[in-house]
Amino acid sequence: METKQFKAESKRLLEMMIHSIYTHKEIFLRELISNASDAIDKLYFKSLTDDKVGLNKDDFAIWISADKDARTLKISDNGIGMTAEELENNLGTIANSGSFKFKNENKLEEDNQIIGQFGVGFYSAFMVAKKVTVISKAYGSDKAYQWESEGIDGYTISEADKKSAGTEIILELLEDTDDENYTEFLDQYRLKSLIKKYSDYIRFPIKMECTHSRPKEQSEEDKEAKKPLEYEDYIEVETLNSMVPLWKKNKTELKEEDYKHFYVEKFYDYNEPLKYAHISNEMPAYNALLYIPAKAPFDFYSKEYEKGLQLYSNGVLIMDKCSDLLPDYFSFVKGLVDSEDLSLNISREMLQHDKQLKVIAKSIEKTISNELKKMLKNEREKYEEFWKAFGLQLKYGIYSDYGMNKEKLQDLLLFTSSNEQKLVTLDEYVTAMREDQKYIYYATGESAARIEQLPQTELVKDKGYEILYLTDNIDEFAIKSIRQYKDKEFKSVSADDLGLENDEQKEEIKAKAEENSELLDALTKALDGKVSKVTLSQRLKSHPVCLTSEGEISLEMEKVLNSMPSDQKVKANRVLEINPEHEIFTKLQSLDSTGDSDKLGKYAKLLYDQALLIEGMNIEDPVEFSNLICELM
Ligand code: ADP
């Protein structure tokens, strides 16, 4: 018979299993039982709409049997089975069984850690077996096949005898060593406890013929003579699992550990979840397990990321990632929903229009929102951790759909505040506002440290007002979508009217601008279209200049929009503000009065470039900039 070779990645995984120093080799049983359960799920699902399957719910089962003499352990199921081709494809080429990725070429220890965290599937059988035989008959096929392998050297596939659809996996256990006891996997008590530990919630019965012992019936004479009891063995089929899925169990029975373990197992996450919620809802009726991961998956902010919750109908998995159950702004939530009210033979397309599903989705959304609010209120540190991982997604949520969801999300936002640079909510900001403060002030920039140095923040800070530091690209767009919070409008520290000046001050600066209108015009002209105007600033205290903008598009938004892949470029209407109290302004005035327009032009360019640099923007001609400095020095 031809021996076939494993595909390269499979070989590597297999090698890892065979040489595994992993201490929890026992998980192989859980893996094989899960596979059996998945296979039964498939056939059971079919049986609901197809009478030809000929099996009722109670007929489905997973059987475990151990043969101590032959040192074999058998796991069988009456699930969907595999054709010869499927045996070849599924067992010969396990690339990365769903989740498994090779992280590190030669680090066995790390690999072992991975094995511990994830389900690694069928190959884990090779942690305990020297030979694995799979006999399988696919549902609807009249032939059965046998797959056999003794490990790394390859496998064979041949025809076999098997009456009904399903799969039998026979493990020939390794010999015991000084460190490892494989024989224990033939012991019924050990098997029972492993199944209880790892596979209790499997929905189909896991059955085993268990041997018990009982006293033999004694004759009256023996009884009278008080003869000691004699014992006899008898065999009884036992169902070893409770079959209640975790989410249908009573919350009081469950420990934090159970939820966390379930998450790590099921959702292939290295890290324990940050938060979980177990929900039993009545109207609409559903059970749900919801998890917030501690860290964003590596592909979270990319197109590849698929949001969704597992959807079960009364314990039967009908969809792995039901995206309709989660709004985009909560796409980070993982978990599952189980409802009795959903029809089983519903197609993916029909599901989208299913009223019941929509009602459930609404309820789930509300639950997530409440959980987040609770966390924000009661577990601030944890919430800030959450915010670090997924805050961006909430801000996108505010901005997208024309701000339709802002009401729902605005109280979940956090921004760095100029006060001690800690994170604050909008509510906290507004509550702490000074009595005379009209606006919610914000400033934009690359980082809090950068914003801290912006001249534009001087006056607002001087007034003792708090400023929100917006450091993500999306921030200003989100803020603009919210428009106002609790009747307070948002105001950029770069806005023309900060609402800080009294009428007298306004008049004063207006008069000054009129007095110097010729100078300001000359400067504007010298900048040759780079700015729409040069004005006298009211917001600057110690700094000579700053750059602001008029109209809807701010400098920050210009940066963001122009960094997007689009042909259309936008431009903010730039305004160069000059501090009339600064010495440089006196210098400009004197240049103007002596009619040295050449020098004035050079000053204008330098001041403009300076303002750009302070804003964290590129200057057009760095060489000219440095030449000008040298010249004037
Ligand atoms: P995973 O279960 O993560 O996909 P496995 O390595 O455990 O990876 O199994 C590979 C594939 O082999 C499964 O996806 C399934 O298609 C098939 N398979 C494994 N065990 C069985 C079984 N008992 N019955 C039917 N198919 C099975």
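The values are calculated or read from the model by the stated rules, or taken from the named source; none is laboratory data. None of these values were measured; they are calculated from a predicted model. So basically every Cβ, Gly included, is an ideal-geometry build from the backbone, and we count neighbours across all protein chains shown. Remember, those area values only see protein heavy atoms, side chains included, never the ligands or the DNA or RNA. Shrake-Rupley method; radii C 1.70, N 1.55, O 1.52, S 1.80 Å.
So, in Å, what gap is there between the alpha-carbon centers of region 216-281 and region 520-539? Each part's Cα centre sits 80 Å from the other's.
Kindly sort HIS543, HIS353, HIS261 by accessible area of their heavy atoms, largest first, with the probe set to 1.4 Å. Display every interim value, and only then the final one.
Values: HIS543 55, HIS353 140, HIS261 95 Å².
Ranked list, largest accessible area first: HIS353, HIS261, HIS543.
Where in region 132-174 are there trypsin sites (Lys or Arg not before Pro) that are in a DSSP coil and have at most 13 other Cβ atoms within 10 angstrom of their Cβ? All intermediate terms of the calculation are to be shown ahead of the outcome.
Working: sites: LYS137, LYS143, LYS162, LYS163; in loops: LYS143, LYS162, LYS163.
Taking region 132-174 and a limit of 13 other Cβ atoms within 10 Å, the loop trypsin sites (Lys or Arg not before Pro) found are LYS143, LYS163.
Considering only ILE40, VAL534, PHE585, and ranking their Cα positions along the charge dipole of the chain that arises from unit charges at the beta-carbon of Lys, Arg, Asp and Glu, the one farthest toward the positive end is ILE40. Cα centroid separation, region 546-577 to region 429-506: 18 Å.
What FRET efficiency comes out for GLU159 versus SER542 if R0 is 60 angstrom and r is the Cβ-Cβ distance? Round to the nearest 0.05.
Working: r = 89 Å, r/R0 = 1.49.
About 0.10, to the nearest 0.05.
Accessible area of CYS630 (1.4 Å probe, protein heavy atoms only, ligands and nucleic acids ignored): about 90 Å². Protein heavy-atom accessible surface, 1.4 Å probe, per residue over region 326-450: 52 Å². Helical runs (DSSP H, four residues minimum) scored at -39500 (n - 2.57) apiece and divided by the length of the chain put the mean residue ellipticity at 222 nm at -10500 deg cm²/dmol.
Report relative contact order for the chain in percent, whole number only (criteria: Cα-Cα under 8 Å, sequence separation at least 6).
On the way: 1030 pairs, mean separation 48.9, N = 633.
It comes to 8 percent, rounded to a whole number.
Charge dipole of the chain (Cα centre as origin; +1 on each Lys and Arg Cβ, -1 on each Asp and Glu Cβ, all else neutral): 860 debye, rounded to the nearest 20. Converting the Cα gyration tensor eigenvalues of region 246-388 into ellipsoid dimensions via √(5λ) gives semi-axes, longest first, of 24, 18, 15 Å.
Kirkwood analysis of the Cα pair distances in the chain returns a hydrodynamic radius of 30.4 Å. Here region 414-492 is assigned +1 on the Cβ of each Lys and Arg and -1 on the Cβ of each Asp and Glu. Its dipole about the Cα centre then comes out at about 180 debye. Filter the GluC sites (Glu not before Pro) in region 256-318 down to the DSSP loop ones having no more than 11 other Cβ atoms within 10 Å, then list what survives. Passing both the DSSP loop test and the Cβ count: GLU282, GLU304, GLU306. A straight chain from ILE18 to GLU384 at 0.36 nm per residue would run longer than the Cα-Cα distance by 127.5 nm. Using the Cβ-Cβ distance between LEU254 and LYS42 with R0 = 25 Å, the FRET efficiency computed as 1/(1 + (r/R0)^6) comes to roughly 0.35. Normalised by 2.2 N^0.38 Å, where N is the number of residues, the C-alpha radius of gyration of region 348-440 stands at 1.34. Accessible surface area normalised per residue over region 122-210 is 43 Å², counting heavy atoms of protein chains with a 1.4 Å rolling probe. DSSP loop (so not H, G, I, E, B), at most 16 other Cβ within 10 Å: list which trypsin sites (Lys or Arg not before Pro) in region 258-322 pass both filters. Answer by residue number: LYS295, LYS303. Report, to the nearest 10°, how far helix 27-47 tilts away from the longest principal axis of the Cα atoms in the chain, using its own Cα long axis and a range of 0 to 90°. For helix 27-47, the angle is close to 90 degrees. Expressed as a whole percent, the accessible surface of the chain that belongs to carbon and sulfur atoms is 46, based on a 1.4 Å probe. Between region 298-314 and region 361-401, the alpha-carbon centres lie 17 Å apart. Extension gain, CYS630 to ASP67, is 193.5 nm, computed as 0.36 nm per intervening residue step minus the present C-alpha separation.
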